[in-house]
Each structure stands twice: as structure tokens, then as C-alpha cells.
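Engineer: This is the structure, below, for whatever I ask next.
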Ligand code: 13P
């Protein structure tokens, strides 16, 4: 069974105190996750250790960084390497979020280099893909997303891709309050799985968790996660509120 995941992406929000309080409020709900369910907090670098502590006794709760650098080490002032993240006990790293692609000019080559460094350091990438509005309006989203997968993932072996995590985040749905309909999400998730099955095989494709991201809220999570190929969500704004995120976790299949 592939994993069903509720991942919170805090982006550049919350002080450490607010972040710890949020995590403690969520944990106090005592949600018993099933074996195949996970909750991931993708948090700012300076809080990784602080949030690792409260989750350590909760089964299937993990921490993620929101980015890492595409070089192994060296004179890159201000950057954080995959090896550093691994050394502080991060479990996952978000790679290729559309905000990083757009505001920090991250290209396919950088993203594939980051993924390699994550894998070398025992970190699990959460690879983000998704089209801007203009591409959706031209009905070219399938080939656009396929190209993102091809450019950053197709160099990997089938072994590396078993149990991999991909997040489909249509840019027009991020932070806009406009979600993809559950049918639109299902259609793209099935397409992504099909692309991976064609390149690798159906066993690999069926093992990949494909999360939906873009204005997931407490009131729409169950419907979206209920789709056959939607294996949970990568949640921004609604993950900053304990009650909202608790409902989102409880909406996992
Ligand atoms: P929102 O849930 O705020 O739309 O953000 C989605 C996102 O970008 C998660 O990575």
C-alpha cells in the first residue's frame, strides 16, 4: 500500500514559539495514524531540531525542510546542504516548489541535482510539479507536468522511485482559495501515475504517493483525498491553524 500523507508547508510563516505551539496543539488531538498514514511538517530550517523533539514519540510524524542547495558543500554563504539536513534528523525535503522555481529561478537541472543529493543523504524528496494558469487555459497541463517529471526524475532508477513522493500543485490554486476540482486533481494524478508507469512500470507507479496541493482546507480535504489517485495533500495556509490541519489529517484515506 502506498502512503497517505498530510504534509504541512509552513513556508516563511510563524515564529519558533508559534510553530511549537501549533505542533503541540495538533499532537494533543492524539490522532492514531494507520500504518500507511504519515503527517509531515515542512518547516523553516531554524526550527527543525525544535520540532523534531515534540514529534519524536508520535508514530508516523516526520519533519521536512522546505528546500536544500544543489551543491554538495563549499563556499555558498547562506545555503543549507542535504547532508546538513540529514545530520539534524530531517526526514523529507520539499524540492521544486513553484515558489522556488519562480522567485529563485530554480531550473530542472538544479532540481535533479538536489534530488540526487537528498537520496545520497537518506532524505526523502517531496518533488513538486504543476502548471501555471496560462498553461491550464491552453489545456497543455498534461504535457507541461510530464516534462517537469521527465527533466527532474527520469534519470533515477526504478529502485529510487519506489515509494517516492510527488506533489501536484497547480500554481493557479496556490494561496488563491481556488482549488482544482476533485475531478481535475484525479485526472492529473492519474496522468502522473501513468507517465511513471510508462517510463518505469506499474509496480513503481502504484507505489508513488501523489499529494495534491493548492488551497486544501478542512472543508474540501475529504473530497479531494477521496479520489483514487490522490494520496493526501501538501497544505500551506490551512496548515497554520491547528483545528484546520487536524481535520485535514483526519481526512486521509
Ligand atoms: P495553500 O494551501 O496555501 O494554497 O498552499 C499550497 C502550497 O503551496 C503547499 O506547498
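Since every read-out is calculated from the coordinates, none of them should be taken as a lab result. Since this is a predicted model, take the numbers as computed values, not measurements. Here Cβ is always computed from backbone atoms with ideal geometry, including for glycine, and neighbour counts include all displayed protein chains.
Engineer: Per-residue ellipticity at 222 nm for the chain, helices alone: DSSP H runs ≥ 4 residues times -39500 (n - 2.57), over residue total, nearest 500 deg cm²/dmol? Working shown, then result.
Structural biologist: Details: 12 runs with 105 residues, N = 253.
When only DSSP H runs of four or more count, the value is -11500 deg cm²/dmol.
Engineer: Here is a follow-up. Where a ≥ b ≥ c are the square roots of the eigenvalues of the C-alpha gyration tensor, would you call the chain rounded, which needs a/c under 1.5, or, failing that, prolate if a/b is larger than b/c, or oblate?
Structural biologist: Values: a/c = 1.40, a/b = 1.09, b/c = 1.28.
Rounded is the answer for the chain, as its axis ratio a/c remains below 1.5.
Engineer: I've got another one for you. Going by how many other beta carbons lie within 10 Å of each one, how would you line up 228, 253, 11, fewest first? Mind showing how you got there, number by number?
Structural biologist: Details: 228 10, 253 15, 11 18.
Placing the least packed residue first, the sequence is 228, 253, 11.
Engineer: Next question, about the same structure. Quick check: the distance between the Cα centres of the stretch 173-214 and the stretch 81-148, to the nearest angstrom?
Structural biologist: 15 Å
Engineer: Need one word for the stretch 93-167: rounded, prolate or oblate. Basis is the Cα gyration tensor (sqrt eigenvalues a ≥ b ≥ c); a/c below 1.5 gives rounded, then a/b vs b/c decides. Walk me through the numbers before you get to the answer.
Structural biologist: Values: a/c = 2.30, a/b = 1.60, b/c = 1.43.
It comes out prolate by the Cα gyration axes.
Engineer: Could you tell me the calculated FRET efficiency between residue 49 and residue 25, based on Cβ-Cβ distance and R0 = 25 angstrom, to the nearest 0.05? Please list the in-between numbers first.
Structural biologist: Details: r = 20 Å, r/R0 = 0.79.
Step by step, r from the Cβ atoms, then E = 0.80.
Engineer: Right, something else. Note down the nm distance, to one decimal, between modelled labels 7 Å out along Cα→Cβ at residue 201 and at residue 71.
Structural biologist: 4.0 nm
Engineer: Decide, for the stretch 1-117, between rounded, prolate and oblate: order the square roots of the alpha carbon gyration tensor eigenvalues as a ≥ b ≥ c, take rounded if a/c falls under 1.5, and otherwise choose prolate if a/b is larger than b/c, else oblate.
Structural biologist: On the way: a/c = 1.95, a/b = 1.60, b/c = 1.22.
Here the stretch 1-117 falls in the prolate category.
Engineer: Got a sec? How would 97, 160, 191, 155 order by Cβ neighbour count within 10 Å, fewest to most? Please list the in-between numbers first.
Structural biologist: Working: 97 26, 160 16, 191 19, 155 11.
Neighbour counts put them in this order, fewest first: 155, 160, 191, 97.
Engineer: Using the number of other C-beta atoms within 10 angstrom as an exposure proxy, rank 72, 3, 199 with the fewest first. If you can, show how the numbers build up before the last one.
Structural biologist: Working: 72 14, 3 20, 199 17.
Neighbour counts put them in this order, fewest first: 72, 199, 3.
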